[in-house]
Structures are given as C-alpha cells and as structure tokens.
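Q: What follows is a single structure, and I will ask about it in a moment.
The values are calculated or read from the model by the stated rules, or taken from the named source; none is laboratory data. Model, not experiment: these values are computed from the prediction. So basically every Cβ, Gly included, is an ideal-geometry build from the backbone, and we count neighbours across all protein chains shown. The accessibility values were calculated without ligands, DNA or RNA, using every heavy atom of the protein model including side chains. Shrake-Rupley method; radii C 1.70, N 1.55, O 1.52, S 1.80 Å.
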Amino acid sequence: MIKILIIEDEIPAKKKLKRFLEEVKETVSVEAETDTVQAAVDFLRTADDIDLIFSDIELLDGNAFDIYKEVQISCPIIFTTAYDQFWMNAFETNGIEYLLKPFSLERFRKAWDKFILLRKNGPADHDFILKLHEVIGNTREKKYKTRFSVNTHQGIYFFETKDILFFEASEGVVFAIEKTGKKYLLTGFTLKEIEVELDPMEFFRINRSELVSKKWIEKIERYSKNSLAIKIAGYEKHLITSQSNTSEFREWVEK
C-alpha cells in the first residue's frame, strides 16, 4: 500500500490527481488532502508513514516550501504547479518531479514511474533520500537570471543582472535600480519571485522590500542595536536591514 498526501488548493486539480491515481497498477491510499500551508504542517507533524506527497506550490495561505521548512520529511515529493520558476526550490527539497499544469496522464505516469523506480531501489528512508539527491539533485545546475528587460516608450530595454545595485518593492510593484542610477519598473514579478531567480551568493533580501547585490556594497554602518545601514556604490541613500535579517546578512556579506 502506497500512502499519499495531496497538498492542493484547486478542487479541479485535486480531482484530476485522484483520477490519475486510479489509473496506476499499484495499490494507493490518499491519507489526507490539505489546501493550506498550516494544514499540511499540522498533518505532517503527526503522520510519519506517508510514502509520497503531491504538492502544489502556491497555496491559499502561502508558499508550499514553507511547509518543508517547518517539518522534516523523509518521503519524496512530486510538485504540481502552473509556474515554472520554482523548479530549483523543488529539487532542493525532496522533489523528484515537477509537473507543470495542465499536465497529461502520460506526463503523470512518467513522474509516477520515476517514484516507483526510486522506491524499489531505496528500501530505507535515509538511503532513499540520498538516492533522490544523487539521481536528480546533483545532475541539475541552477541557471540564475543574468539579464532583465523593461518596456519603455522607445521599445524594450535590456540590462544585465550584474549591473543592478538592488531591487525594491513598493506598493505592489518591483523596481530594479541600475548602476547608472536609473530606476526600472519590472512587470510580472514579485520580489520573492525575483529572489529565487538570483544567485544567493550575490543577492540578499535585507528586509521585506529590498534585495541587494553584494558586488555594489561599499560600506556598512551600525544603524541601531539590531540593524545595519548599507551604503551602495553610486546611490545616495542608505538601505537598512531589518532586525530579523541582520545577523544572517552579516554572515552572508563576509562569504
């Protein structure tokens, strides 16, 4: 018996998954269906015998990766989402497949067959997870975003990621401040989405609204007991770290 948890907030997608599961030859049991981060965390804290998780990413109350920060799991995950920008995060957890919605029965079967193959080759939980990382984690290299584009009255303008001083979120939109001092509106992105596209060794989220480039940090000063003021080359104003991010920022900037 293969015990399954479905984390999905769209009813049609949930029904589709269950219908596809009826097509597999193995005996399966859907132990629970959750549609929020909190509900999934609550369930996984007490359930230690789940064999496979089907997990959407954007849920009613947040991002599914928050679940796996709260709860340590030993089973693989097949991610199902309409967004393609999260695949690296998926494989940094216990992800073994990334199904982009809408996916077909054939695509589902390929993901399922991968799970069955890995399950047969990894009888112990610990060995199983090591094998997952060996099979997929080490064979994928993250390609970070190297350039951005913005629409202007004159046309589409491109600029390199390495030339960006920092990103700033303001009133629901995101701006990129380039080394020339120009401020560009980036449409179709949230700051969180941009963050996962960038090299974490080069960019850091210093507070809820600003993401800075290590390359352009010129000077760091004490701002308050638990905050720092960052001087960015070519930019007049100081950027201030949040109290919760200051400690981690100090470690990051010295790496």
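Q: So, Tyr184, is that one closer than 21 Å to Val150 by Cβ and either touching a Ser or Thr at 6+ places or on another chain (Cβ under 7 Å) or hydroxyl-bearing (Ser, Thr, Tyr) (or both) or not?
A: Taking the combined requirement at face value, the residue satisfies it.
Q: Also, quick follow-up: If you scan segment 216-254, which residues turn out to be at pLDDT 95 or above and in a helix (DSSP H, G or I)?
A: Correct list: Trp216 only.
Q: Given the conditions (1) among the aromatic types (Phe, Trp, Tyr); (2) open to solvent by 40 Å² or more (accessible area, probe 1.4 Å); (3) within 16 Å of the chain's Cα centre (by Cα), and given that Trp216 satisfies all but one, which numbered condition is not satisfied?
A: Exception for Trp216: condition (3).
Q: Given the structure, is Leu191 open to solvent by less than 30 Å² (accessible area, probe 1.4 Å) and either β-branched (Val, Ile, Thr) or touching a residue at least 40 places away in the same chain (Cβ under 8 Å) (or both)?
A: Here the answer is no, as Leu191 does not meet what is asked.
Q: Between a first residue in segment 74-86 that is closer than 17 Å to Pro12 by Cβ and a second residue that is open to solvent by less than 10 Å² (accessible area, probe 1.4 Å) and at pLDDT 90 or above, which pairs have beta carbons less than 8 Å apart while being 6 or more apart in sequence or on different chains?
A: Hits for this filter: Thr80/Glu8; Thr80/Leu17; Thr80/Phe54; Thr80/Ser55; Thr80/Asp56; Thr81/Asp56.
Q: Answer with yes or no whether Glu171 is at pLDDT below 90 and surrounded by 12 or more Cβ atoms within 10 Å (Cβ to Cβ).
A: no
Q: Hey, another quick one. Since Val196 meets every condition but one in (1) within 24 Å of the chain's Cα centre (by Cα); (2) surrounded by 15 or more Cβ atoms within 10 Å (Cβ to Cβ); (3) under 21 Å from Glu254 (Cβ atoms), which condition does it not meet?
A: In the conditions (1) within 24 Å of the chain's Cα centre (by Cα); (2) surrounded by 15 or more Cβ atoms within 10 Å (Cβ to Cβ); (3) under 21 Å from Glu254 (Cβ atoms), Val196 misses (3) alone.
Q: Continuing with this model, one more query. Surrounded by 13 or more Cβ atoms within 10 Å (Cβ to Cβ), at pLDDT 95 or above and either under 20 Å from Phe115 (Cβ atoms) or within 17 Å of the chain's Cα centre (by Cα) (or both): does that describe Leu44?
A: No; evaluated as a whole, the condition is false for this residue.
Q: Separate question: Looking at Ser104 and the list (1) of a type in the set (Ser, Thr, Tyr); (2) at pLDDT 80 or above; (3) surrounded by 11 or more Cβ atoms within 10 Å (Cβ to Cβ), which single condition is not satisfied?
A: Among (1) of a type in the set (Ser, Thr, Tyr); (2) at pLDDT 80 or above; (3) surrounded by 11 or more Cβ atoms within 10 Å (Cβ to Cβ), Ser104 violates only (3).
Q: When you go through Thr80, Thr36 one by one, which is the residue that is surrounded by 18 or more Cβ atoms within 10 Å (Cβ to Cβ) and not charged (D, E, K, R)?
A: Just one listed residue meets the conditions, Thr80.
Q: Has segment 12-26 got at least one residue that is closer than 26 Å to Lys192 by Cα and in contact with a Leu (Cβ under 9 Å, 6 or more places away or on another chain)?
A: no
Q: If the Cβ limit is 6 Å and pairs must be 6+ apart or interchain, which residue in segment 145-158 that is within 22 Å of Glu193 (Cα to Cα) and in contact (Cβ under 8 Å) with a residue 12 or more places away in the chain pairs with which residue that is open to solvent by 70 Å² or more (accessible area, probe 1.4 Å) and in a strand (DSSP E or B)?
A: If the second residue must be open to solvent by 70 Å² or more (accessible area, probe 1.4 Å) and in a strand (DSSP E or B), the pairs left are Arg147/Phe158; Val150/Tyr157.
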